[in-house]
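First comes the structure, then the notes that go with it.
The values are calculated or read from the model by the stated rules, or taken from the named source; none is laboratory data. These numbers come from a predicted model, not from an experiment. Cβ atoms come from the backbone with ideal geometry, glycine included; neighbour counts cover every protein chain shown. For the accessible areas, the whole protein counts, side chains as well, though only heavy atoms, and no ligand, DNA or RNA atoms are used. Shrake-Rupley method; radii C 1.70, N 1.55, O 1.52, S 1.80 Å.
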Amino acid sequence: MVCLMEELMQYVWQYRLWPTGDMVTVTGERIEVLDPGILNRDAGPDFFNAKLNIGGEHWVGNVEMHVRASDWHRHGHGQDRAYDTVVLHVVEVDDMQITRPDGTPIPQMVMRPDRNFNHTYHQLVNNPLLELPCSRELVELPRIYISDWIAALAYERLFTKTDRIAALLERYQGNWSDVVYVTVGRALGFSTNAEPFELLANSTPLKTMLRNSDSLTAIEAILYGQAGFLEGSLEDDYYKQLKQEYAFYATKYGLKRSPNIYWKMARMRPQNFPHRRIAALATMIYQGFRLGSAVLSVETEEQARALFDFNLMGYWARHFNFSPTDGGATPKAFSYSSTTVLLINVVVPLLYAYGGATGDTGRQERAIDLLQTLKPESNSIVDLYRRGGLEATSAFDSQALIQLRRNYCQQRKCLFCRIGHRLLSARVKAPRA
């Protein structure tokens, strides 16, 4: 596991952000970097195939980096033949000389990044007081630079979702109905219960419920039982009926509950309770799960919204959860904003993934058009960047901001963020080597 300082040193080396004058070995030989090499994120030296001139002698080989030179031995490199080809050892602290197996010393250089660069880096990465440490500089960056990064982030997030769909397609041996079913299930959990819903869908085969698609009660019994919501004892007639039916179907089909389903409901609005979302999933399965083919045929936003514009029936038209009294709920399954989230997390990635799997670029273009047409999500992440000067004008933008927040800002991966790179590279005073 690469430590934070080593990660910084790799970054400085990769982008040639060292100050002029520091490029000498500990024995005083001048170093000229002709090619820093290729960064290696797997086992082995940090950079492959670097081209260097050290003390007037041309070298082609690998470069390894450590905070302390003695880390070479702590990491076991002396016994690893993969490190025999290291031609330069870059360290922050020169506490010992490193040699090759034949006893010849490996040229060693001490790296100390520019003071302003270091200060900016630690302000970005180690500032627990600011949610968005780069907010002041953010507004000064050229808009074209920001828009390019936003586009890349939006695609990065979409590719993450389509990769998950590809994994499901392999798991279900090319059955798109199963893939759509699990994808819808995960999306119904929204951000809070996405994992429990996906576990529920994976442990409750669609084909099992389709055998009973003429009975909404049977479908609900199976789903609520598999979700673990029928294990208590309530004075509610419908609850008792579902519990009895689930016992029958669990025995008939050999159903097994996932032991890892843990539902979150603290500080949740009643309309977002998983009970309501499960009822919506049951309604989609009732009378046949036609959503699969419908999703993959969507051409307009209106068609996409129509897929989720339906009312819950029976017990769930009036209840938010199991209760012997009327819960005051309305029949409508999803609000406008909830439907938007489902379009973003179900329709768009499925269209894009299906288009990629079948070579249909038209479907992929429709997916992107839909994402760029939809209004941006309204959540704390979008609000945070709006206050920092980044305004989302579409769901394409808001998805990019979610990706930026979760995969870069929260993890303090400023070195891998184009905004962070721009700010850091601007802090290097001297010309690059």
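Filtering region 396-412 to residues that are more than 25 Å from ALA367 (Cβ to Cβ) and either crowded, with 22+ Cβ neighbours inside 10 Å or of a type in the set (S, T, N, Q) (or both) leaves CYS409, GLN410, GLN411.
Does ALA353 meet the test of being over 18 Å from the mean Cα position of the chain (by Cα) and either open to solvent by 20 Å² or more (accessible area, probe 1.4 Å) or at negative phi (or both)?
Judged against the criteria, ALA353 is not a match.
For region 169-196, the set of residues classified as more than 27 Å from THR358 (Cα to Cα) and not hydrophobic (A, V, I, L, M, F, W, C) consists of GLY189, SER191, THR192, ASN193, GLU195, PRO196, listed by residue number. For beta carbons closer than 8 Å, sequence separation of 6+ or different chains, a first residue in region 320-338 that is free of Cβ contacts under 8 Å to residues at least 60 places away in the same chain and among the basic types (Lys, Arg) and a second that is crowded, with 17+ Cβ neighbours inside 10 Å and part of a loop (DSSP other than H, G, I, E, B), the qualifying pairs are LYS332/LEU312.
When region 357-395 is examined, which residues are found to be open to solvent by 30 Å² or more (accessible area, probe 1.4 Å), in a loop (DSSP other than H, G, I, E, B) and under 30 Å from ASN175 (Cβ atoms)? Matches in region 357-395: GLY359, ASP360. Among the residues of region 201-244, those identified as in contact with a His (Cβ under 9 Å, 6 or more places away or on another chain) and outside any loop (DSSP other than H, G, I, E, B) are TYR224, ALA227, TYR238.
Please find, among PHE248, PHE320, PHE308, the residue that is open to solvent by 20 Å² or more (accessible area, probe 1.4 Å), aromatic (Phe, Trp, Tyr) and within 26 Å of VAL346 (Cα to Cα). Result of the check over PHE248, PHE320, PHE308: PHE320.
Suppose we filter region 187-221 for residues that are among the polar types (S, T, N, Q) and within 26 Å of the chain's Cα centre (by Cα); how many remain? Matching residues across region 187-221 total 6.
The set of residues in region 187-200 that are in contact (Cβ under 8 Å) with a residue 24 or more places away in the chain and not polar (S, T, N, Q) comprises ALA187, LEU188, GLY189, PHE190, PRO196, PHE197, LEU199, LEU200.
Pairs are defined by a Cβ separation below 7 Å, a sequence spacing of at least 6 or placement on different chains, a first member in region 283-304 that is under 16 Å from ILE368 (Cβ atoms) and open to solvent by 60 Å² or more (accessible area, probe 1.4 Å), and a second member that is part of a helix (DSSP H, G or I) and not acidic (Asp, Glu); the pairs so defined are GLU299/ARG366.
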